[in-house]
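For reference, the structure is listed below as structure tokens.
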Amino acid sequence: MDTAGVLLLAYEAFGGEVQGKTKLQKKLYFLGIMMGREFGFGPHYYGPYSAEVASANSMLKSMGYLSESVASAGSYNAAGFEIARHDFRLTEDGRAVACHKRKRFPGEWEKIERAAGILKSADDLSYMEISIAAKAYFLLNHKGEPARVDEVVRMARQFGWSVTEDDIIKAVGFLEQLNLAKRTS
């Protein structure tokens, strides 16, 4: 199944909507990891980003399967996160196509539904917190071996990411809930 198909089913698995482009990117990042799928994620200011996912999202919207609304989130914070939040919701046509895809690709649907369930059962992080968790996972995966919190903070700075030790500690807790990280003594 192509990225747009996976994304459509991911929306369905997440209850038909995702609030914010950043949260969408990070949810798909973790979903892909848990499914063993690669969606072209690479380093970006807000953490791992995929142009492939952004393009698939735009395509689904242009086909009428998604509606988009913009909510004001205030102003830029000290970390430079977005001021407007773009929310996406499956349309009636989108739900119908997702239903058809669930039936046509039951194995993929099961993987997506299982991964989405794990994400939903973990702490419901804000878009900033899930961004930091994605950054932490990206850095730990990039390093390829266990790292101390201060090492992860130092590695983050090499990508221009501003995170604190407390941010990383909370992120690792989230990653543990997803079975993607394990604290060492």
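The values are calculated or read from the model by the stated rules, or taken from the named source; none is laboratory data. Quick caveat: nothing in here was measured; it's all calculated off a predicted structure. Because the Cβ atoms are built from the backbone with ideal geometry, glycine has one as well, and the counts that use them run over all protein chains shown. Remember, those area values only see protein heavy atoms, side chains included, never the ligands or the DNA or RNA. Shrake-Rupley method; radii C 1.70, N 1.55, O 1.52, S 1.80 Å.
Couple of notes before you dig in:
- Rounded to 10°, Cα long-axis angle of helix 165-177 versus longest principal axis of the chain: 50
- FRET efficiency for R89 and K182, using Cβ-Cβ distance with R0 set to 45 Å, rounded to 0.05: 0.80
- Angle in degrees between helix 51-62 and the longest Cα principal axis of the chain, rounded to the nearest 10: 30
- Across K21/K143; K61/K120; K120/K143; K27/K120; K61/K111, pairs whose alpha-carbon gap is larger than 19 Å: K21/K143; K61/K120; K120/K143; K61/K111
- Contact order, relative form, for region 105-185: 32 percent (alpha carbon pairs under 8 Å, 6 or more residues apart, mean separation divided by residue count).
- Within the accessible area of the chain (1.4 Å probe), percent carbon and sulfur: 48
- Taking all protein chains into account, the per residue accessible area for region 1-154 stands at 48 Å² (1.4 Å probe).
- Gaussian network model of the chain, springs between alpha carbon atoms under 10 Å - residue of I130, I169, I112 with greatest fluctuation: I169
- The mean of 1/r over all pairs of different alpha-carbon atoms in region 85-185, once inverted, gives a Kirkwood hydrodynamic radius of 15.6 Å.
- Region 1-65 - Kirkwood radius from inverse mean 1/r over Cα pairs (Å): 11.8
- Cβ-placed point charges (K, R +1; D, E -1), dipole of region 7-54 about Cα centre in debye, nearest 20: 160
- Inter-part distance, region 112-164 to region 1-67, computed on C-alpha centroids, equals 17 Å.
- Against the main long axis of the alpha-carbon atoms of the chain, helix 21-35 sits at an angle near 90°.
- Comparing C99, M35, I169 along the charge dipole axis of region 32-185, the residue lying farthest to the positive side is C99, per the Cβ-charge model.
- About its Cα centre, the chain has a charge dipole of approximately 260 debye under the convention of +1 per Lys or Arg Cβ and -1 per Asp or Glu Cβ, with nothing else charged.
- FRET efficiency estimate (nearest 0.05) - Cβ-Cβ, E165 to R37, R0 25 angstrom: 0.20
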